[in-house]
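Take a look at the structure below.
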């Protein structure tokens, strides 16, 4: 079973070499390595040429979706394996994918998740990485999305990546495959290391943009039907969506508490109810953080998670308005 490993990249000179070196160290050798340089202006192209079997160089930056499509056009493998340029795989990653496809021949695609391991020790990089690991680790064995950092698709089932959304193209193609009746396996032992470093600004910007795009896909693929079946939507579990919906009530109740008479304990308890409900939905995640990073990290993360859910909620709300109400 031959793989075509496709790595789209743009101005990634700080991380691309680590990504490609890890691929070349793979125990499984039946693959070709294709790097698609999306109009980089730094040394990314030169670095890629040292490792890739084939380099596709685009003159202009056109986005990750176009780069992935260009890689698929020149690929010769039975399996198209997409790996982001800021991702490091393990020596057995390709072999795991090969064995999983052999074990489950009915699968059209496979996706995985981020390892808890992360090279950047700053708070937001660690938090985001652990949050993604936690959310994805709870996914069922069959899903309706692909995760951009690492996903493999049989050539016979491959769909061209569209440009409907800016950064959720992986979710979009997963939804497209699922709508056509294709089967996507979630392999929770298939972990990769993400090298992306987050500042507070990039963290919240990312968590606004993804829900904004998510809303467009939710409308296009009628995500309410998945919710009606008792599931989440794509990679968003029900608990996360309920938490996001509760956040406005949490902030409203906390605002009222600031101005209320402190000698009315019953009202105090009632006004804190939205927060208690929100925390009940997230306490397992907070406990997970405490186990991984300690009490202080987890304590700070309560407030960060609350604010993050607020930002996600704004992204979803505006996305539904722009892609739903205003697009008509």
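The values are calculated or read from the model by the stated rules, or taken from the named source; none is laboratory data. Owing to the predicted nature of the structure, the values given are computational and were not obtained by experimental measurement. Don't worry about glycine lacking a Cβ; one is built from the backbone with ideal geometry, like all the others, and counts go over all protein chains shown.
Structural remarks
- Filter result (over 19 Å from residue 251 (Cβ atoms) and assigned to a helix (DSSP H, G or I)) within segment 287-304: 287, 288, 289, 290, 291, 292, 293, 295, 296, 297, 298, 299
- Residue match in segment 35-49 (condition: part of a helix (DSSP H, G or I), within 20 Å of residue 172 (Cβ to Cβ) and out of contact with any strand residue (DSSP E or B) (no Cβ under 6 Å at 6 or more places or on another chain)): no
- For segment 40-54, the condition holds for at least one residue, the condition being that it is closer than 21 Å to residue 93 by Cα and loosely packed, with under 15 Cβ neighbours inside 10 Å.
Rundown of residues vs (1) outside the structural domain of residue 190 (by TED's automatic domain parsing); (2) in contact (Cβ under 8 Å) with a residue 40 or more places away in the chain; (3) surrounded by 19 or more Cβ atoms within 10 Å (Cβ to Cβ), yes/no style:
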position: 27; (1), (2), (3): no, yes, no
position: 60; (1), (2), (3): no, no, no
position: 72; (1), (2), (3): no, yes, yes
position: 75; (1), (2), (3): no, yes, yes
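Rundown of residues vs (1) assigned to a helix (DSSP H, G or I); (2) assigned by TED's automatic domain parsing to the domain that holds residue 15; (3) at pLDDT below 95; (4) surrounded by 15 or more Cβ atoms within 10 Å (Cβ to Cβ), yes/no style:
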residue	(1), (2), (3), (4)
90	no, yes, no, yes
95	yes, yes, no, yes
145	no, yes, yes, yes
156	yes, yes, yes, no
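- Selection count where residues are under 25 Å from the mean Cα position of the chain (by Cα) and more than 24 Å from residue 118 (Cα to Cα), scope segment 36-55: 5
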